[in-house]
Amino acid sequence: RYSLFYNRLKNIEENEGGLDKFSKCYKTFGVNQFVDGGIYCKEWAPGAEAVFLAGDFNGWNPFSHPYKKMEYGKWELFIPPGQDGHPSVPHGSKLKVVIRAQNGELLYRISPWARYVVRDEGKVNYDWVHWNPPQSYIHKHPSPKRLKSLRIYESHVGIASPEGKVASYKNFTYNVLPRIKDLGYNCVQLMAIMEHAYYASFGYQVTSFFAASSRYGTPDDLKEMIDIAHSMGITVLLDVVHSHASKNSEDGLNKFDGTDSCFFHSGPKGTHQLWDSRLFDYANWEVLRFLLSNLRMWIEDYRFDGFRFDGITSMLYHHHGIGTGFSGDYNEYFGLHVDEDALCYLMLANHMINFLHPECITIAEDVSGMPALCRPIAEGGGGFDYRLAMAIPDKWIQIIKELKDEDWNMGNIVHTLTNRRYEEKYIAYAESHDQALVGDKTLAFRLMDAEMYTNMSVLSPLTPVIDRGIQLHKMIRLITHALGGESYLNFMGNEFGHPEWLDFPRRGNNESYHYARRQFNLTEDHLLRYRFLNTFDRDMNKLEERFGWLASPPAFVSEKHESNKVIAFERAGLIFIFNFHPHQSYVDYRVVIWHSSLIVIFKYKILLDSDAAEYGGHQRLDHSAEYFSEEYPHNDRPNSLMV
């Protein structure tokens with residue numbers, strides 16, 4: 001794999017003037033304006049017979065501005081400035097690339113490099129709008145330095161409001177970012193930013209890869225949002241979709257030049273059976289140029305601090321993970337079923353990002369467990385910084401759905417939370433957007449279900465269902481945070497147990513926005529118990545910020561007691577003790593401490609207690625108590641203490 005990567009990189013260096021020049025094509029492809037008002041246009045359409053530019057600027061004459069055919073399927077056009085020196089294609093004017101296909105048909109297409117596309121009310125398809133304002137937004141704040149502990153708030157701009165509508169970049173900037181900061185998250189991961197014609201696709205059916213979604217506002221609004229986040233010390237990651245593309249042709253990449261290939265594999269190989277989308281040809285030189293330039297544009301124009309690469313399991317294997325289980329056997333990860341071209345692209349992408357922007361972070365979403373994805377490329381690894389620990393949320397769902405409380409297996413929980421390859425960094429999470437979507441259930445909804453509608457008021461009795469749900473919600477999130485990885489992720493709203501599911505407007509729900517929103521107002525009502533969960537989540541993050549357990553070595557697990565239902569471990573100098581027993585509390589419970597000194601006595605105090613009143617607990621612990629270590633062997637360690 002390293003040999004394939006090295007040869008491809010060497011080819012770029014020798015034939016393309018280096019990786020810097022190769023990946024900078026977002027500044028030349030598409031429609032770009034020179035300082036003197038002239039317009040330079042460039043497209044790659046290898047299957048086209050002829051290419052033209054039409055739009056408001058020429059009265060939509062499809063033939064007045066033909067492109068010149070160049071080598072390797074490229075086409076170029078230069079439009080001189082107007083006589084008065086004004087741009088020949090004004091800012092805000094609509095455009096189309098007109099392709100004469102091999103069968104003679106004229107196709108009106110949006111440039112794959114378009115920076116801004118909009119859909120007028122009442123229309124089905126998007127229109128390409130030339131975006132070149134007289135004064136673009138100027139970033140005022142530097143990007144944060146690379147974080148040691150990542151606490152990620154997974155977000156969707158459009159649903160980030162209690163109101164039933166598509167929320168805006170401005171709303172997120174001034175109403176949601178302060179909330180994220182207050183909750184102790186230092187990183188926001190933005191979904192559904194790359195333009196997607198179908199809102200209900202959650203942003204995963206991308207139609208315009210270089211355009212920030214216009215349904216939330218303008219490109220400058222997004223730039224301002226990222227700039228304000230940086231002023232708060234918040235790192236901003238983009239959920240990037242390079243694993244597939246929408247099948248739309250009128251306003252997408254599909255059949256751009258009139259053929260079924262161009263950016264994609266031809267025939268059945270170029271279509272994903274389950275997603276009904278197109279699959280990139282990662283061996284194609286111009287596809288590599290397109291995708292690498294895309295990453296670079298988001299970093300350099302918008303100042304994103306890195307990426308979460310979505311759906312890379314589909315990229316890594318020719319079978320795309322369809323109908324395939326992964327047991328961890330290494331034969332599943334090496335062989336002819338692996339798409340080495342796609343893997344090589346990911347290595348190139350990580351190498352480019354690390355070479356040009358070493359402060360940026362990359363995250364792999366891979367359900368298969370491909371070894372070494374998060375090891376350096378020089379070792380033959382994928383070059384990612386983090387990978388998602390995708391087994392953890394599945395385990396919590398399985399436990400809650402299938403087991404009685406008294407049947408919870410402590411060893412199995414610990415195994416799932418600690419089962420990761422040494423020196424590959426994992427992002428732990430109890431639930432993400434996947435669990436919030438319609439058809440699934442969040443942890444809070446699984447734990448409390450219908451009673452969330454009737455018994456979350458402090459004026460109503462604390463029922464056993466609500467009590468159990470609130471306590472387990474806190475414990476599950478804390479043990480995942482502290483034991484499950486080297487970073488932590490939460491999907492917006494789940495920190496306070498957001499009721500109901502997430503469902504975007506579509507035909508099946510009469511185009512309703514009722515479930516396409518986040519009811520942040522629930523945490524501000526002091527008569528509702530949601531504020532307890534919200535406060536606990538904030539204090540949990542603040543404690544990690546203070547002690548940095550995510551950046552510390554893996555935890556030392558000293559106890560996973562099946563009959564007592566107790567898990568105890570030590571990390572970053574803190575002792576974590578969880579009692580998952582449904583009805584048994586313990587007095588004078590002995591736990592191990594890692595320190596083996598026989599001379600020094602260590603004193604411990606409670607820092608975070610899920611049973612505290614401010615978190616909706618029962619206040620059974622005395623926070624003024626002090627706990628001292630003693631030379632008393634326990635669980636094969638010389639020192640311990642009683643709690």
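List of remarks:
- Neighbours by Cβ (under 7 Å, 6+ apart or cross-chain): first from the range 444-473, within 23 Å of I399 (Cβ to Cβ); second open to solvent by 30 Å² or more (accessible area, probe 1.4 Å) and of a type in the set (D, E): T463/E451; V465/E451; I466/E451
- Test for F210: is it at pLDDT 95 or above, open to solvent by less than 10 Å² (accessible area, probe 1.4 Å), part of a helix (DSSP H, G or I) and out of contact with any strand residue (DSSP E or B) (no Cβ under 6 Å at 6 or more places or on another chain): no
- Output for the range 253-268, where each listed residue is under 29 Å from the mean Cα position of the chain (by Cα), touching a residue at least 24 places away in the same chain (Cβ under 8 Å) and buried (at least 23 other Cβ atoms within 10 Å of the Cβ): L253, F256, C262, F263
- The condition of being closer than 24 Å to L550 by Cα, open to solvent by less than 30 Å² (accessible area, probe 1.4 Å), acidic (D, E) and within 17 Å of the chain's Cα centre (by Cα) holds for only one of E195, E154, that being E154.
- Any helices (runs of 4 or more DSSP H) falling wholly within the range 272-362 and containing at least 2 residues that are closer than 22 Å to K21 by Cα and either modelled with pLDDT of 95 or more or not basic (K, R) (or both): 285-300, 340-356
- Residue check for R115: under 30 Å from the mean Cα position of the chain (by Cα), modelled with pLDDT of 95 or more, over 22 Å from D220 (Cα atoms) and open to solvent by 10 Å² or more (accessible area, probe 1.4 Å): no
- Check on L388, touching a residue at least 60 places away in the same chain (Cβ under 8 Å), surrounded by 14 or more Cβ atoms within 10 Å (Cβ to Cβ) and of a type in the set (A, V, I, L, M, F, W, C): yes
- Search result, residues across the range 269-292 that are open to solvent by 40 Å² or more (accessible area, probe 1.4 Å) and closer than 13 Å to Y345 by Cβ: A283, W285
- Qualifying position, being open to solvent by 50 Å² or more (accessible area, probe 1.4 Å) and more than 30 Å from I228 (Cβ to Cβ), among Y67, Y108: Y108
- The lone exception for T535 - which of (1) open to solvent by 20 Å² or more (accessible area, probe 1.4 Å); (2) closer than 20 Å to L607 by Cα; (3) out of contact with any helix residue (DSSP H, G or I) (no Cβ under 7 Å at 6 or more places or on another chain); (4) not in a loop (DSSP other than H, G, I, E, B) it fails: (3)
- Residues considered: S563, S558. Of these, the only one that is of a type in the set (S, T, N, Q), open to solvent by less than 70 Å² (accessible area, probe 1.4 Å) and farther than 23 Å from S624 by Cα is S558.
- Filtered by the rule that a residue be touching a Phe, Trp or Tyr at 6+ places or on another chain (Cβ under 6 Å) and open to solvent by 50 Å² or more (accessible area, probe 1.4 Å), the range 77-88 gives a lone residue, F78.
- Among residues of the range 55-101, those that are among the aliphatic types (A, V, I, L, M), assigned to a loop (DSSP other than H, G, I, E, B) and at pLDDT 95 or above, counted: 2
- One residue alone among G323, G306, G328 is within 19 Å of K269 (Cβ to Cβ) and of a type outside the set (F, W, Y), and that residue is G323.
- Some residue of the range 1-21 being within 26 Å of I353 (Cβ to Cβ), surrounded by 21 or more Cβ atoms within 10 Å (Cβ to Cβ) and not basic (K, R): yes
- Scanning the range 469-479 turns up no residue that is over 18 Å from the mean Cα position of the chain (by Cα), of a type in the set (S, T, N, Q) and more than 16 Å from F580 (Cβ to Cβ).
The values are calculated or read from the model by the stated rules, or taken from the named source; none is laboratory data. Values in this document were obtained by computation on a predicted structure and should not be read as measured data. Note that we place each Cβ from the backbone using ideal geometry, even for glycine, and neighbour counts take in every protein chain shown. Just so you know, the surface numbers come from the protein's heavy atoms only, side chains and all, with ligands and any DNA or RNA stripped out. Shrake-Rupley method; radii C 1.70, N 1.55, O 1.52, S 1.80 Å.
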